[in-house]
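A short write-up of the structure that comes next.
The values are calculated or read from the model by the stated rules, or taken from the named source; none is laboratory data. These numbers come from a predicted model, not from an experiment. Counting neighbours? That spans all protein chains shown, and the Cβs are built from the backbone with ideal geometry, glycine included. All accessible areas refer to the heavy atoms of the entire protein, side chains included, with ligands and DNA or RNA removed. Shrake-Rupley method; radii C 1.70, N 1.55, O 1.52, S 1.80 Å.
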Amino acid sequence: MPPSNTATKPCSACGKEATKACTGCRRVAYCNISCQKSNWKEHKKVCFPLGATCTRCCEVITESNIDQCIVPHPVHLSVDQGGTMGYGGNTWMFSCEACGEHYKKSSSEYNVAAAPITGGPKFCYSGPHTIKPLPESDQRRISSDILVINSGPNCQSEIDNIPNIMPDVRVLTIRNTTGYDESIQPTLNLSLPKLKTLKLIDVCFSKVNLNKEMTPSIEELFMQNIPDECDVTVKLPKLKDFSMHYYSPDDGGWVHDMLATATKLERFESFKFRVYTSELRFASNDLRYIRLHRAECLESLSIYAPKLEYLNLQACYGMQGHLSILETHPNFTRPPGNPSSFVVDVTNACISTSILHTLQSNPRITYEGYESDDDYY
């Protein structure tokens with residue numbers, strides 16, 4: 001930005017008396033064009049007029065906050081890494097997918113939302129403002145279409161009010177931060193057409209209804225500690241990433257409907273997903289990752305996934321049926337080229353001789369976790 005003809009500050013490059021102020025921000029000055037050019041590489045990062053809005057923190061830039069762009073760790077990108085609870089206090093460990101750092105929260109009270117950060121970086125980002133568009137890959141930002149609801153007495157009214165306060169919500173997290181409370185049993189049955197990411201964490205829902213009419217844009221769905229008796233419907237054609245932790249329903253019929261509808265599925269991740277069903281059927285040209293760790297009630301698998309890279313059957317104790325790796329499917333046209341090879345982890349799994357034969361004979365498969373024939377029967 002060329003300097004103007006008025007300046008009252010020393011030259012930002014050499015420290016001599018400055019004669020011209022930067023016309024872009026008027027906060028720095030230079031004694032000549034050469035100094036201005038030599039300093040531009042650094043100065044351009046913070047060259048913007050006061051009163052502009054920072055594209056990272058969404059704050060209006062003033063003299064008082066010029067160097068104070070602060071972004072908290074986004075809740076929807078903070079992955080729970082465990083913790084400790086007891087009379088000596090409570091700690092929660094997280095990894096932030098936005099900045100790649102780990103942080104710890106601690107408190108004598110059991111309230112993860114209110115607990116301060118006591119270890120690791122306190123913020124996802126802390127530094128200078130910017131008015132330039134951020135690349136889509138940079139999630140260290142505050143967005144006006146991201147909503148977090150902490151479960152409490154007003155949880156249902158807050159959920160019902162979402163279309164009024166944020167009709168274009170893109171990322172929604174509904175979580176319990178003070179301990180599982182079975183007296184609070186909200187329902188989620190809303191029209192949220194722009195919603196892409198939904199996370200339901202440790203909330204005792206009585207009903208969750210997600211379908212192509214009401215929530216057609218959902219691509220990522222994470223559910224943890226949803227009650228076994230919850231009335232669940234998931235029929236999402238655009239779903240790409242599904243995760244479920246701690247779930248043991250008597251009837252998991254909705255899971256079959258979800259897998260049949262999610263023809264664009266890329267990732268299926270679960271832990272203690274104890275669905276009482278004889279077989280799960282996966283079919284997607286885009287599916288690369290399946291994790292069924294501790295799916296203890298699962299007997300058989302049928303998989304059409306020409307791009308599959310990893311299948312985890314760790315601690316699947318009931319796999320006494322079959323493992324079918326399909327090379328064709330009536331509902332899909334297989335992409336050109338040879339199907340991918342993939343790794344199957346059978347650590348601590350109890351699988352039938354039929355499944356063991358598939359692992360040993362299918363040329364696409366490399367399996368790991370095998371210790372002895374005693375693990376298979």
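Remark: spin-label model distance SER183-SER278 equals 4.5 nm, labels positioned 7 Å along the Cα→Cβ axis. Looking at region 237-313, the chymotrypsin sites (Phe, Trp or Tyr not before Pro) that sit in a DSSP loop and have at most 16 other Cβ atoms within 10 Å of their own Cβ are TYR276. How about LYS45: which aspartates and glutamates have a C-alpha closer than 13 Å to its C-alpha, ignoring those fewer than 8 places off in the same chain? Leaving aside aspartates and glutamates fewer than 8 places away in the same chain, those within reach of LYS45 are ASP67.
Per residue, region 260-343 exposes 43 Å² of accessible surface when a 1.4 Å probe is rolled over the protein heavy atoms with every protein chain present. Highest mean packing comes first when the peptides 333-345, 53-65, 207-219 are listed by Cβ atoms within 10 Å, giving 207-219, 53-65, 333-345. The distance between label points at TRP40 and CYS14 comes to 1.8 nm (points 7 Å beyond Cα on the Cα→Cβ vector). With all protein chains in place and a 1.4 Å probe, the accessible surface of region 271-314 carries 37 percent carbon and sulfur. The listed residues LEU326, LEU134, LEU313, once ranked by accessible area (1.4 Å probe) with the largest placed first, stand as LEU326, LEU134, LEU313. Positive end of the charge dipole of region 33-75 (Lys, Arg +1 and Asp, Glu -1 on Cβ, about the Cα centre): tell me which of VAL46, PRO72, SER34 has its Cα farthest that way. Value computed over the given set: SER34. Apply 1/(1 + (r/R0)^6) to the Cβ-Cβ distance of GLU101 and ILE70, taking R0 = 22 Å, and write down the FRET efficiency to the nearest 0.05. Calculated transfer efficiency: 0.90. Please report the net charge: other residues with Cβ closer than 13 Å to the Cβ of ALA52, K and R +1, D and E -1. Local net charge: +2. Given +1 at the Cβ of Lys and Arg, -1 at the Cβ of Asp and Glu and no other charges, the dipole of region 247-333 around its Cα centre is 260 debye to the nearest 20.
Would you mind getting the Kirkwood hydrodynamic radius of region 95-154 from its Cα pairs, rounded to one decimal in Å?
About 14.1 Å for region 95-154.
Summing +1 for each Lys or Arg and -1 for each Asp or Glu among the other residues whose beta-carbon sits under 11 angstrom from that of VAL232 gives -3. In terms of its C-alpha gyration tensor, region 135-181 comes out oblate, because a/c is 1.5 or above while a/b does not outweigh b/c.
Between region 184-262 and region 276-344, the C-alpha centres lie 21 angstrom from each other.
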